[in-house]
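All of the numbers you see were taken from the coordinates with simple rules; none came from a lab. The shown structure was predicted, so the numbers you read here are calculated from the model rather than taken from an experiment. Counting neighbours? That spans all protein chains shown, and the Cβs are built from the backbone with ideal geometry, glycine included.
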Amino acid sequence: MRKIKTLALGLIIFTSCVNLDLNPLSYGSSDSWYSTAEEVDMSLNGLYKNAFIGNDEDEWTDDYFTRNTPSPLITGTLNSQTDFVINYWILSYKAIERANAILEGIDKAKNTMTANMYAKYKAEALFIRAYQYSRLISHFGDVPYYTNVLTLEESFSLKRIDKNTILRAIYEDFDSAATYLPTSYSDSEIKRATRGAAYALKARIALYMGDYSIARDAAKACMDLNVYDLNTDFETLFLSKTKNAKETVFGIPRSIALGYPLDITRYFCMARISRNAGGYCGINPSWELFCSFLCSDGMEIDKSPLFDPHNPFQNRDPRCTVTIAEFQTPYLGFMFNPHPDSLKSLNFSTNVMVDNKDCRSVNQYASYNGMVWKKGVDKDWLLNGYKIEPDKIIIRYADVLLIFAEAKIELNETDQEARDAINKVRARAYKVNYTQTTSYPEVVATSQSELRKIIRTERRMEFAFEGLRYMDLIRWKLAGKALNRDNFGLLDPTELLTKVVSQGLWFFPLVPVIDSDGLPDFSSMYSTGLIKQLSIRTFNESRQYLWPIPLTDILTNKNLTQNPNY
């Protein structure tokens, strides 16, 4: 019986009640597996499982507010027994073990496939292995590294390897994969890893590790394929109806009809949509995110003459109202307005005024900060029992462009090529070409410090709700600052009406200050009693820039050491 032995890496819990899924249906149960091209292909399909592929959680960042208990990353209680830390570790190594098994076994099937097919299959396994090791070193630092199928004895002797050594191996795997992966797939083919995806994910991990010349060159290689382009409409890119967009460099398709992957739960949808639309509205965009969107003149809200704190959605970068529902605009069939005096709301389907459950004067569980997610949300969210099927985008072309620009900026190559990459992304938000410089706030800065701040703000506006903010905060060493600031929101309705509305200060009583790192500061509003503290964030800088190695592995393998201060 063939078994995958990722045993000393989170999979050493020998109890009958734990289903480790070590022999899924895509794998055979004998040593003769991998004897045909079909068996190899089935095994490769298993590497693209939803559980193995994904970005980080937004709840780990300052873009996010929840009424529920915040993540251990936000409360400073992250430890070696935290569930998502254990799962991340286990699943990454499970995928690595499967990739290694394919690479070891594929020669048995070599005579059943063409040379091109053989090279492509190996390239896919190398791609997944490089991707998984990228995830591990970016979160845990030094980790065990191996490229063979382990025996039980070998699994217990593994040691942590310097992340920079692993990084070089990651680059080699991505480069080898890029050599043999296709640039694209036909409509009739299953869409898996491509050459562009290998370049793009190599660029991403290089950027995360501060290897800027590698990041620049890998991003440029992806750009030079001329396969990808920005979606003309930023808003529709994230909807269920937009499938296999040209902007998607690597992603996983979702399908309700095929039942895969139904990873977006009913709770996920209901927690994010408004009370009028039938949701819980318990997970909201933070005020920090809202205030980080620039004004339409390209300036921060505390510096732009266009910003009106009492009408804060006006004159903002278009991505603001794509990401967050604007007040007094239609949202999932109702007029959205969290104003405490707005006790009724128009139901557009019946043209009847109904109780406004999005106002906390009517429903105490309406959004505590007045913010509601809009990015990717449409009426599909209300159908099929809250099952939705937008493509799961892991990396898209806008990220490739901004990786390229940031890498050049960090190398002090502050030239027009770097600015053009940013401007292409920014101009798309305004639905114009980047050469139409009078139709959007063109980036013209030339200094490294100015461009560094611009690119960081650009990433926040562009990638909200996409699982990229966490690693941005970690690699910029801003998590200690951003995640030690409390979450703020609206006063309770009676106080809000008395202290804010009656004084003509709705929505923001004051203009929050944006600091030198682009982070909004609400301390003045809070000190004057005009806003409410919703939750306390705590980020332990002495340890949380890396995750802890799971306790089970530390206890069962004496060769493994723990990260500092865990």
Test item: Cα-centred dipole of region 330-479, Lys/Arg +1 and Asp/Glu -1 on Cβ, debye: 300 debye
Under the helix-only model (-39500 (n - 2.57) for each DSSP H run of 4 or more, divided by the residues of the chain), the mean residue ellipticity at 222 nm, to 500 deg cm²/dmol, is -10500 deg cm²/dmol
Looking at the P(r) of region 198-342, how many percent of alpha-carbon pairs lie beyond 20 Å? 67 percent
Taking 1 over the mean of 1/r across every pair of different Cα atoms in region 375-430, what Kirkwood radius in Å do you get? 13.6 Å
Mean Cβ count within 10 Å, highest first, over the residues of peptides 130-141, 467-478: 130-141, 467-478
How large is the charge dipole for region 424-507, taken about the Cα centre, if only the Cβ atoms of Lys, Arg (+1) and Asp, Glu (-1) carry charge, to the nearest 20 debye? 420 debye
Quick one: P(r) of region 404-446 from all Cα-Cα pairs, 5 Å bins, percents rounded to integers, in order of increasing distance. 6, 28, 30, 19, 13, 5, 0
As I understand it, the value is the acute angle between the Cα axis of helix 163-180 and the longest principal axis of the Cα atoms of the chain; what does it come to in degrees, rounded to 10? 80 degrees
Size of electric dipole in the chain: Cβ of Lys, Arg +1 and of Asp, Glu -1, about Cα centre, debye, nearest 20: 700 debye
Taking Cα atoms, the helix 397-410 axis meets the longest principal axis of the chain at an angle in degrees (rounded to 10) of 90 degrees
Report the label-to-label distance for residue 484 and residue 433 in nanometres (one decimal), using points 7 Å from each Cα along the Cα→Cβ vector. 4.9 nm
Take the alpha carbon gyration tensor of region 382-487, find the square roots of its eigenvalues, order them as a ≥ b ≥ c, and report rounded if a/c is under 1.5; if not, report prolate when a/b exceeds b/c, else oblate. oblate
Projecting the Cα atoms of 166, 155, 106 onto the charge dipole of region 82-215, where Lys and Arg contribute +1 and Asp and Glu -1 at Cβ, the residue farthest towards the positive end is 106
Evaluate the relative contact order of the chain (contact order divided by residue number), counting alpha-carbon pairs under 8 angstrom at least 6 apart; express in whole percent. 19 percent
Helix 115-140: inclination vs the chain longest Cα principal axis, degrees, rounded to 10, gives 50 degrees
Shape verdict for region 283-394, please, from the Cα gyration tensor: rounded (a/c under 1.5), prolate (a/b greater than b/c) or oblate. oblate
Show me, for region 41-57, the HN-Hα J-couplings you get by feeding each phi into the Karplus relation (A = 6.51, B = -1.76, C = 1.60, θ = phi - 60°), rounded to Hz, glycine and proline as x. 5, 4, 5, 5, 4, x, 6, 9, 4, 4, 5, 8, 10, x, 9, 7, 8
Projected convex hull area of the chain, Cα atoms, direction-averaged, in nm², equals 26.4 nm²
How large is log10 of I(q)/I(0) for region 84-242 at q = 0.14 Å⁻¹ when the intensity is taken from the Debye formula with one equal scatterer per alpha-carbon? -0.81
